[in-house]
Each structure stands twice: as structure tokens, then as C-alpha cells.
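Please read the structure below before turning to the comments.
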Amino acid sequence: MKIAVVGATGLVGREMLRVLDERGFGTEEVIAAASAKSVGSTLDFAGRQLTVVSVDAAIAARPDYALFSAGAEVSRQYAPLFAAVGTTVVDNSSAWRKDPEVPLVVPEVNIGAVRPEDRIIANPNCSTIQMVLALSALEREYGLRRLVIATYQSITGTGIRAVRQLESEERGETPSEPAYPNPIHRNLFPHGGDFQPDGYTTEEQKLIDETRKIYADPEIAITATVVRVPVVGGHSEAVNVELRRDYDLEEVRRLIGSTPGVILYDEPMQNRYPMPILSHHRDEVWVGRVRRDPSQPRSLNLWIVADNIRKGAATNAVQIMEHLCGRTK
Ligand SMILES: NC(=O)c1ccc[n+]([C@@H]2O[C@H](COP(=O)([O-])OP(=O)(O)OC[C@H]3O[C@@H](n4cnc5c(N)ncnc54)[C@H](OP(=O)(O)O)[C@@H]3O)[C@@H](O)[C@H]2O)c1
């Protein structure tokens with residue numbers, strides 16, 4: 001099997017190479033592609049070195065699968081060119097997620113949305129992936145009426161430039177090419193993506209649109225505030241959930257705790273609750289602080305944490321590919 005990783009030099013791309021190796025693809029032919037500035041450089045993969053090639057060269061190699069993480073513009077331009085030579089693309093950017101013809105997939109939740117003829121499959125936004133997986137059993141059992149979400153998103157969600165900005169600021173230096181318009185060290189800001197005319201940001205809008213698409217339920221009421229925090233290791237989310245019917249709290253815990261890929265970690269009196277420091281480099285979605293919301297019926301609060309580079313991006317993309325090629329774990 002031949003697999004191209006487009007954006008292989010980036011935060012997500014490098015993690016994709018690690019995940020491919022960890023999940024048994026180390027002996028496959030892997031093609032690392034990135035921008036012109038990286039062509040000819042090398043990347044470690046499965047004990048060998050890959051020489052980075054251009055995206056055009058990767059298309060010419062006609063891979064079976066192409067895992068994209070090079071931004072929406074690159075995906076819009078090149079994903080159809082890969083599809084035209086018979087490659088199946090799994091795309092991490094926002095380019096295709098809203099396209100009704102393109103399935104948007106978290107494998108544990110809706111792998112059934114992929115049809116045999118699909119050549120482009122979209123990986124959801126990192127904050128969406130962890131939330132829809134954590135809530136998937138509640139969605140099936142009770143139905144979701146409304147979600148009120150506040151995120152605490154890691155700077156790694158913005159890519160390498162953001163990591164460099166934080167590291168420069170930690171050293172007391174002024175970053176040369178900051179990813180954000182404000183300092184992030186010893187700070188946070190209620191801002192992810194771009195502001196829309198309605199006052200919400202594009203990251204907030206993604207949580208709304210993508211959640212409805214994945215659950216195939218346009219009726220779920222959703223509102224979100226995205227906050228960027230100077231954290232490495234994962235995104236955290238406080239979510240207030242209103243279910244469609246009343247629930248038993250122990251049953252809710254049982255459902256969450258038995259969801260594949262989810263860890264219920266909820267012993268707050270023992271200081272055991274999900275934190276990015278726990279989720280870092282792991283694939284599971286961690287859920288804690290599960291408690292009834294006494295302010296309105298059928299409602300509860302919970303706290304969800306996952307490594308945005310792993311399950312929020314690289315791992316989810318590789319899992320989709322595993323389903324497509326019949327090599328699921
Ligand atoms: N970080 C996350 O948590 C996360 C989660 C989900 C989805 N994503 C999405 O994944 C994508 C990449 O994110 P990232 O965090 O890995 O960003 P990043 O660290 O900035 O890496 C960007 C990658 O894209 C490549 N690239 C840029 N322009 C290119 C071009 N014209 N042609 C070919 N390759 C090009 C870069 O190559 P060079 O090194 O050669 O410039 C690099 O490999 C984005 O679409 C992002 O929205 C990220």
C-alpha cells in the first residue's frame with residue numbers, strides 16, 4: 001500500500017507519521033509531501049528517513065491514500081487532483097467539511113456515512129471530534145436537545161507558528177512571526193479562527209455545523225465560546241448538555257465509560273479529573289466532572305479533554321484510513 005502524507009513537516013503531519021508507524025503501517029511505502037521550502041529535507045519514519053517531495057510529485061506517485069494536513073487552500077487545490085488519479089483523500093482542513101457530498105467522519109460515531117465511491121473524506125475539527133465522541137452514547141440513548149460549550153484550546157491547535165510564539169514569549173523574546181495578534185504566554189483570549197459578522201468565530205461555527213452533520217441532526221441547538229489558552233497537550237471543553245428526556249446519572253456514567261475510545265476519569269474528591277497533561281500523546285478522550293445541572297431539567301455538565309494533535313487530528317485520520325482499507329484495530 002502507498003500512503004502520502006501532505007503537510008508532513010507540520011505538527012499534525014509529523015504526528016501522522018508517528019501514528020502510522022505505531023498502528024502497523026511502518027513497512028508501507030510512505031510519501032512525505034510539503035511546501036517547496038521543505039522539498040529535499042528529511043523526516044524520520046519507522047526507523048528510516050523519508051525525503052520530502054512536492055505535492056505534485058506525490059500525486060504522480062498515485063498513492064492509495066493521501067492524508068492531508070496542509071491547510072484549507074492546499075486541500076481545495078490538490079485533493080481533487082489526488083482523487084482524479086484514484087487516491088482516497090482524508091483531509092484534516094476545513095476545506096470540505098461543510099460540503100454535503102463529503103462525509104465528515106469520527107469512525108466510532110459515523111463511519112457508516114462513507115460510501116464506497118467517496119474519494120474525499122473530511123476529518124472534523126479537533127474540538128468537535130473529542131466532543132462528539134464523548135457524547136455519542138448519550139446522543140444515541142437520550143438524544144441531544146442543546147449544547148452550551150466553552151473550550152480551552154491548546155496553542156498546538158494553531159500549528160507550529162503558535163508553538164514558536166509561546167516558546168519565544170516564555171523566553172522573554174518578541175516572536176518574529178507570531179501566530180496570534182496578542183501575547184499568549186500568561187494570557188488567554190476568547191478568539192479562535194476569524195470573527196464572523198454575527199460576533200461568533202469560525203472555530204465556534206465549526207463546532208455547531210460539524211456536530212449537527214456528524215450526528216445527522218440539524219435540530220440540535222448549539223452555542224459555543226472558543227478560548228485559546230497557553231497549554232500544550234490537549235483541548236479542554238466544559239459542556240452543558242440538555243438531553244431530550246430525563247436520565248439516570250449512573251446510567252449516564254456507565255454509557256460514557258463504556259464508549260470505545262473514551263476514559264471516564266471522574267473522582268474529583270481525589271483530584272482525579274481530565275487534564276491536558278494526562279491526555280498528551282494519548283489517543284483517548286477523557287471525560288470527568290459529570291454532574292446534574294440543577295438549574296434546568298434533563299441537563300448535565302461535563303468536562304472533556306483530548307490531545308488535539310492525536311485523536312483531534314492524526315489518529316482520527318489514520319483510523320478512517322484503517323476502516324477504508326479493512327485494517328481496523
Ligand atoms: N493542530 C491541530 O490541532 C489541528 C487539528 C485538526 C486539524 N488541523 C488542520 O491541519 C492542518 C495543518 O495543521 P498543523 O497544525 O499541522 O499546521 P503547521 O504545523 O503549520 O503545518 C502546516 C503544514 O502544511 C504544509 N504546507 C503549507 N503550505 C503548503 C503548500 N502550499 N503546499 C504543500 N504543503 C504546504 C507545511 O509545509 P512546510 O513545512 O513546507 O511549510 C506543513 O507541513 C490545518 O489545516 C489545520 O487546520 C490541525
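The values are calculated or read from the model by the stated rules, or taken from the named source; none is laboratory data. Quick caveat, the model's predicted, so the values are computed rather than measured. Cβ: placed from backbone, ideal geometry, glycine included. Neighbour counts: every protein chain shown. Note: accessible area is taken over every heavy atom of the protein model, side chains too, but ligands, DNA and RNA are not part of it. Shrake-Rupley method; radii C 1.70, N 1.55, O 1.52, S 1.80 Å.
Tabulated data for the structure shown
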{"item": "Residue (of THR151, PHE45, LEU207) at the positive-pole extreme of the chain, dipole from beta-carbon charges", "result": "PHE45"}
{"item": "9 Å beta-carbon shell around TYR273, net charge (K/R +1, D/E -1)", "result": "0"}
{"item": "Label-to-label distance, nm, for residues given as VAL39 and VAL163 (7 Å Cα→Cβ offset)", "result": "2.5 nm"}
{"item": "For region 84-159 and region 189-203, distance of Cα centres in Å", "result": "20 Å"}
{"item": "Low-density loop positions, GluC sites (Glu not before Pro), region 249-329 - DSSP coil, at most 14 other Cβ in 10 Å", "result": "none"}
{"item": "Where trypsin sites (Lys or Arg not before Pro) fall in DSSP loop in region 108-205, at most 13 other Cβ within 10 Å", "result": "ARG171, ARG186"}
{"item": "Interchain or long-range residues, amide H under 5 Å from THR201's placed H", "result": "GLN196"}
{"item": "Paired Rg and Dmax values of region 128-308, which use every Cα atom, in angstrom", "result": "17.0, 53"}
{"item": "Modelled FRET efficiency - R0 41 Å, ARG212 with ASN187, Cβ distances, 0.05 increments", "result": "0.80"}
{"item": "Accessible area (Å², per residue) of region 128-308, counting only protein heavy atoms and a probe of 1.4 Å", "result": "47 Å²"}
{"item": "Within the accessible area of the chain (1.4 Å probe), percent carbon and sulfur", "result": "50 percent"}
{"item": "HN-Hα J in Hz across region 192-208 - Karplus 6.51, -1.76, 1.60, θ = phi - 60°, x for Gly and Pro", "result": "x, x, 10, 6, 9, x, 7, x, 8, 9, 4, 5, 5, 5, 4, 4, 6"}
{"item": "Between region 168-188 and region 244-289, the alpha-carbon center distance in angstrom", "result": "33 Å"}
{"item": "Filtered GluC sites (Glu not before Pro), region 89-168: DSSP coil and at most 15 other beta carbons within 10 Å", "result": "GLU101, GLU117"}
{"item": "Cα pair distances in the chain, grouped into 20 Å bins until the bin that holds the longest one, percent each", "result": "32, 58, 10"}
{"item": "Set of lysines with alpha-carbon distance to LYS2 below 27 Å, sequence-local pairs under 8 removed", "result": "LYS37, LYS311, LYS329"}
{"item": "Inter-probe distance in nm under a simple model that places probes 7 Å from Cα toward Cβ, at LYS2 and HIS281", "result": "3.4 nm"}
{"item": "Charged-residue dipole, Cβ positions (Lys, Arg, Asp, Glu), the chain about Cα centre, Debye nearest 20", "result": "200 debye"}
{"item": "Additional length obtainable on full extension of the chain from VAL229 to ARG171, 0.36 nm per residue less Cα span", "result": "19.1 nm"}
